[in-house]
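Since the structure comes first, as structure tokens, the remarks are kept for the end.
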Amino acid sequence: MPCERKPMRYGHSEGHTDVCFDDVGKCIVTCGSDGDVRIWESLDDDDPKSINVGEKVYSVALKNGKLVTAVSNNTVQIHTFPEGDPDGILTRFTTNANHVTFNANGSRVAAGSSDFLVKIVEVADSSQQKTLRGHDAPVLSVALDPSDEFLASSSCDGSVTVWSIESQTQVAQWKVLQKSSDVSNAKSLCRLAWQPRSGKLLAVPVDLTIQLYDKNTWTHVSTLSDELITQVFNVVVWSPCGKFLAAGTVGGNLLIWDVEAKLCIERQKHEKGFTVCGMAWHPSGGRIAYTDTEGCLGLLEDVSSSSSTIQNTKATAAKETNDYDDLFDEDDDRMLDEGTSDSRTPVKKPIMDDDDEDDDDLMPATGRPRNRGSFLDDDDNSQDPGSVKLDGLPEEDGRSAVVPAVSRPIYEGPMPSQPQRAFQPGSTPVHLMHRFMMWNSVGIVRGYNDDQDNAIDVEFHDTAIHHAMHLTNSLGHTMADLSQEAVLLACEGTDELASKIQCLHFSCWDTHKDWMVDLPKGEDTRALCLGQGWVAVATSALMVRLFSIGGVQKEIFSLPGAVVCMAGHGEQLLIVYHRGTGFDGDQALGVQLLQLGRKRRQVIHGEPLPLSRKSYLAWMGFTAEGTPCCIDSEGVVRMLNRTLGNTWAPVCNTRDTCKSKSDHCWVVGVHENPQQIRCIPCKGSRFPPTLPRPAVAVLPFNLPYCQTTTEKGQMEEQYWRSMLFHNHFDFLSSSGYEIDSEGQSQAEKEQQELLMKMFALSCKLEREFRCMELAELMTHSVVTLAIRYASRSRRMALAQRLSELALEKANQLQEEEEQEEDDEPAYQRHTSGEYRRSSKMSSRQAQVENGCDEEEEQEEYPQEEQMDEESTETRKPRLNPFKKGGKSPERPSPKPVSREGRVNPFKVSGAEKSSSSPAGQPRTINVLDSMTMSSRKPATLSGTSKQGKAPVLKPLAPKPKSKTQATLLQMSASKGNRKKQEDSQSEAEKMKPVPAATPPVSAENIENRKPKTGFQLWLEENRKSILADNPDFEEMDVIKEGMGRFRTLSAEERLNWTERAKGDSDPKKRKREDEAGRVDEHTESDEGSAKKKKPLDTSAKLSAFAFNKE
């Protein structure tokens, strides 16, 4: 008969514990890290006597009415039992004593300490002490043999030592343990135990085995093990008769061996898998008490029946023949122990050997009744060969009823978890008379069910939504949900009445504000939720029924498993259900996320919902911004990360704010902006009472990143938390909602500031590769700031790589804009800014075919051109520069247009080009071309960098690559060029008095005098090939085809064409400048300097930010 494992109960606060029985086994005595010693009359004792002996108690021993404890104040104290009166201090150490134990008659106490010493003290006279020195590390445990001749001790130095008490010398030592620096770091407590009465054997837990040493020869004589054990043994204890040995592991396994037969006769598992750190065998041998590192106390009952049965069955085992060997082969064993090694183990010996064949009946691995073997043969056709043959065997000694039990297979794998029941997030348990039926961001629904009243109160946080309501609960509603439109209630069905759904649609504009629906007979409501204009109800028939808010039945669909909970927000429906059976305390949950708007779709298709080990789902819902969020029973908050493939990111652990293990946080809402969790702290329980009204606390988010105590770890956590919690901006905008653009831009600014700070920190630490990794996360404009910081830090290789990255980001930005413009159904705008056209409107193409589009093209093109030079001449209308004609395409003949072109407000002025490069200097200057000279003059470099950086700080608009490259790379120029820049600016200051109407006129003239771009030059040379391939193309078709081919060119090829176009246009530009008057030149300089001042101010601000941490 297997022993029975009683449910664990709370004994002490979380931490190390120890346990023992009194002399007669009437009481259980425990100690813990809370400093208390508790005396339990039984496991069900709800009011144990408590004795406070210090701040922490590490070990306890009881004998002859004397209670000895090892306390954290470095002393070993003695108290009377059961009174608990202090009776003095037995001995002191310089550090904590880790273990104390009595000898067989209770006259001596042995103690081992972290100061490497072992002391043996006489209880009657504490001055009579013996000190054993020889360990090189803290002592883990001590044990006195029954004859009082020897003492065994284990230590963190990896040794187990046997001492002669009389001579205080070592008589034996075995280096069998793993070394560690302290008790807290040791893999095992290595609690030693001598065999009672004779003391012949010393049991030592060594890794996954129990080693037995003979006292007469000090040699290893036997090993006890079990191949199902994968965790280190922590503590061993002998039965009072000395025939059985019990052991506990750090993984929560409890095993009992018959030492003589080397047979494991009992296997049990801690219900939560916590480390077993204390064990004690009842003096009568019938029970084993054990404690874990979480402060809980457990009990194994009926251990004696298991122990005695083995003795009674040995006589029968001797009469059995070897025929049993033929009943089971290797394959049968493998079926029982799938995934284990092929070696023979003591577990299988009762089946294979002549002895102890009935021991199989004594060792159910999980503590469940024997009939659990029906998992493997639950039908009439699944009998194994052994049971078939045994039915025909003759009865021997009237014990034939025992024989079939030998052949029944035993399931020894993981046990299935109890699936959690369906619940409403934000509600307290149904069995309470006064409970919260719903607490969310809209309001509170309270339910009262007592002798006086059965009612429901609805309270709104914002009374502008609706006034408070009091409803009679005549139908016995147990589920509720609340939104800004309605209150939804539901009750389960009975034998006579069907399950009902009731909705109070208080936002309805007609007079009938409620409706009710009866579910089909035998179908009960399990979960419900409200959304924007819809109602969802999950039932016991594994179905979800959708209704409109007015009561119209809509779609019905099935779920793969029983529902756990549901939540709604706007058009989103979140469903959690059991996708399978969990094992070893885990829940196997799946999640579905549906969009119920106009475009109905399933976003998450039943993927597993991640939970902590051995936990269950405690809350599921949406943040105020509409992001799915879940919380498990361990307090871990997880949020859906839409940008990483709809994965769940842990963002907080509410248990970090709880002072005690029994405290919890009951969540009522989650917000992303501001970042906070609204919850109710519950002391000593998982949910709050309805009265008095609980106070809501606010918890911050904290992503579990590594090394958050360092500056680097803190900034990394802040950056990725900001990234995660501002994903809702993209989701809301894509769903058609208005978003707070100011808040979004502020969040992006904070993110880029954090990146720049991490970049500066990495620069100081000389982590240049890490700097590049951070720069890849930066925006285009912040990369240029990083280039400047690297230049000032004289990290030239880093600055060069950053400049290449900036070019790559600029090209990538242009390609993305091109792609976006190609996807637009309206007029398209080419990235080079030369023209806009529609590729999808057939009416527009018809105009092109009829020749009616030329004048409109002339008006549209100048709006998108980028200004490379400025002039104050009056703007002249231009022909389409791509139209074939007798004139040269470089100087198209003027043609009147119906209206003046509009100025593009997003264009970046090219005034700096003529002033910063007066000598016709090429615009593709590399950032390192003049770095050697500039690096010696940091002040001059800073000024130059500001001028070169200025245009980049403007909002990025579609523009030619040559422009972007010049902006990025023309950051350091020669000394002479910088002087010319200053001269031109000073002259512009002198010529500043210009009519106010001049700047816009100059802007128009600049567009008129725009030189050819790279695309125009490429089209001129490739026009013939396009027409040869497509002879029937009109002019606009040629341009369209040319655009497509030009985009397929590599970035380098397009850059070359742009530079060629600029080279061709420079001489003509100088010619036009010579023909222009002196006033035009002054106006141009004045406008150029005016346009530079604003960017310089912005650059100065960013520069100050970049260097304020130095």
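The values are calculated or read from the model by the stated rules, or taken from the named source; none is laboratory data. Computed from a predicted structure; not experimentally measured. For neighbour counting, all protein chains shown are included, and Cβ atoms are generated from backbone atoms with ideal geometry for every residue, glycine included. Accessible surface is based on the protein model in full, side chains and every heavy atom, while ligands, DNA and RNA are left aside. Shrake-Rupley method; radii C 1.70, N 1.55, O 1.52, S 1.80 Å.
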*Out of the residues in region 795-838 that are open to solvent by 40 Å² or more (accessible area, probe 1.4 Å) and part of a loop (DSSP other than H, G, I, E, B), which is modelled with the highest pLDDT?*
ARG795
_ILE78, sole failed condition from (1) surrounded by fewer than 17 Cβ atoms within 10 Å (Cβ to Cβ); (2) closer than 17 Å to ASP22 by Cα_ = (1)
_Tally, over region 154-175, of residues that are assigned to a loop (DSSP other than H, G, I, E, B), open to solvent by less than 10 Å² (accessible area, probe 1.4 Å) and more than 19 Å from LEU208 (Cα to Cα)_ = 1
*If we scan region 201-220, do we find a residue that is part of a strand (DSSP E or B), open to solvent by 20 Å² or more (accessible area, probe 1.4 Å), among the polar types (S, T, N, Q) and in contact (Cβ under 8 Å) with a residue 24 or more places away in the chain?*
yes
*Look through PHE731, PHE759 and report the one residue that is part of a helix (DSSP H, G or I), modelled with pLDDT under 90 and crowded, with 17+ Cβ neighbours inside 10 Å.*
PHE731
_Could you check region 580-589 and list, in sequence order, the residues that are over 20 Å from the mean Cα position of the chain (by Cα) and surrounded by 19 or more Cβ atoms within 10 Å (Cβ to Cβ)?_
GLY582
*Can you name every residue in region 1-54 that is among the small types (Gly, Ala, Ser) and not in a strand (DSSP E or B)?*
GLY11, SER13, GLY25, GLY32, SER33, GLY35, SER42, GLY54
*Of everything in region 453-509 that's outside any loop (DSSP other than H, G, I, E, B) and of a type outside the set (A, V, I, L, M, F, W, C), which residue is farthest from LYS521 (Cα to Cα)?*
GLU459
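Yes/no matrix, rows are residues, columns are (1) within 25 Å of ALA541 (Cβ to Cβ); (2) among the hydroxyl-bearing types (Ser, Thr, Tyr):
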position: ALA464; (1), (2): no, no
position: MET479; (1), (2): yes, no
position: GLN484; (1), (2): no, no
position: CYS491; (1), (2): yes, no
position: SER499; (1), (2): yes, yes
position: TRP509; (1), (2): no, no
*Taking only region 415-445 into account, find how many residues are assigned to a strand (DSSP E or B), of a type outside the set (Phe, Trp, Tyr) and under 19 Å from ARG526 (Cα atoms).*
4
*Working only within region 176-200, note down all residues that are of a type in the set (Lys, Arg) and either free of Cβ contacts under 8 Å to residues at least 12 places away in the same chain or surrounded by fewer than 23 Cβ atoms within 10 Å (Cβ to Cβ) (or both).*
LYS179, LYS187, ARG197, LYS200
*Counting just the residues of region 644-661 that are in contact (Cβ under 8 Å) with a residue 12 or more places away in the chain and more than 18 Å from ASN702 (Cα to Cα), which one comes out most open to solvent (accessible area, probe 1.4 Å)?*
LYS661
*Considering only residues of region 667-694 that are aliphatic (A, V, I, L, M) and either in contact with a Ser or Thr (Cβ under 8 Å, 6 or more places away or on another chain) or outside any loop (DSSP other than H, G, I, E, B) (or both), which is farthest from GLY743 (Cα to Cα)?*
ILE680
*Subset of region 543-579 (residues that are closer than 16 Å to GLN532 by Cβ, within 31 Å of the chain's Cα centre (by Cα) and either without any contact (Cβ under 8 Å) to a residue 60 or more places away in the chain or not in a strand (DSSP E or B) (or both))*: MET566, HIS569, GLY570, GLU571, GLN572, LEU573, LEU574
*Go through (1) outside any strand (DSSP E or B); (2) on the phi < 0 side of the Ramachandran plot; (3) in contact (Cβ under 8 Å) with a residue 40 or more places away in the chain and name the single condition GLY242 misses.*
(2)
*Matching option when the condition is more than 22 Å from HIS16 (Cβ to Cβ) and open to solvent by less than 20 Å² (accessible area, probe 1.4 Å), among LEU228, LEU245*: LEU245
*Going through region 13-50 one residue at a time, which ones are of a type in the set (A, V, I, L, M) and buried (at least 18 other Cβ atoms within 10 Å of the Cβ)?*
VAL19, ILE28, VAL29, VAL37, ILE39
*Restricting attention to region 104-153, and to residues there that are of a type in the set (Asp, Glu) and under 28 Å from ASP182 (Cβ atoms), which single residue is surrounded by the most Cβ atoms within 10 Å (Cβ to Cβ)?*
ASP145
*Which residue out of THR80, THR94 is without any contact (Cβ under 8 Å) to a residue 24 or more places away in the chain and in contact with a Pro (Cβ under 9 Å, 6 or more places away or on another chain)?*
THR80
*Is there a residue being without any contact (Cβ under 8 Å) to a residue 40 or more places away in the chain and in contact with a Lys or Arg (Cβ under 6 Å, 6 or more places away or on another chain) anywhere in region 8-29?*
no
